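Data block below; observations after.
The values are calculated or read from the model by the stated rules, or taken from the named source; none is laboratory data. Since this is a predicted model, take the numbers as computed values, not measurements. With ideal geometry, Cβ positions are generated from the backbone for all residues, glycine too; neighbour counts draw on all protein chains shown.
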């Protein structure tokens, strides 16, 4: 192979490897997965409490739980929203996250099923 062709292949290789890297201001895929899992759980908990106590405002309960989970994960609301918007524009990166969340949900369902 001539030198130019080798350089082209090498460039394409490095470009394709780096395309899955997210910008610094975006949560890494594993971190995003963990945060999304907790967001889903927070939604379930908020809905449960609102059903049990009609004096609670659903939106307030959701916002309160989200803020607590953002604190646990040491991220801001803005970081989460920015990351979510980034992943929504990159379905190739979002799909593996959702697939992993689906598998996690299925495993948890199997564990909690009565025998």
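Descriptive notes on the structure:
- Figure legend. Inter-residue proximity from region 56-84: first residues closer than 13 Å to residue 28 by Cα, second residues assigned to a loop (DSSP other than H, G, I, E, B), beta-carbon distance below 7 Å, spacing 6+ or different chains. Indicated pairs: 75/27; 79/27; 82/25; 82/26; 83/26; 83/27.
- Where residue 51 falls short, out of the listed (1) at pLDDT 50 or above; (2) within 24 Å of residue 99 (Cα to Cα); (3) in a helix (DSSP H, G or I): (2)
- Where residue 93 falls short, out of the listed (1) within 15 Å of residue 41 (Cα to Cα); (2) touching a helix residue (DSSP H, G or I) at 6+ places or on another chain (Cβ under 8 Å): (1)
- Residue 26 vs. criteria modelled with pLDDT of 95 or more, part of a loop (DSSP other than H, G, I, E, B) and at negative phi: yes
- Unmet criterion (only one of (1) surrounded by fewer than 15 Cβ atoms within 10 Å (Cβ to Cβ); (2) modelled with pLDDT of 90 or more) for residue 13: (2)
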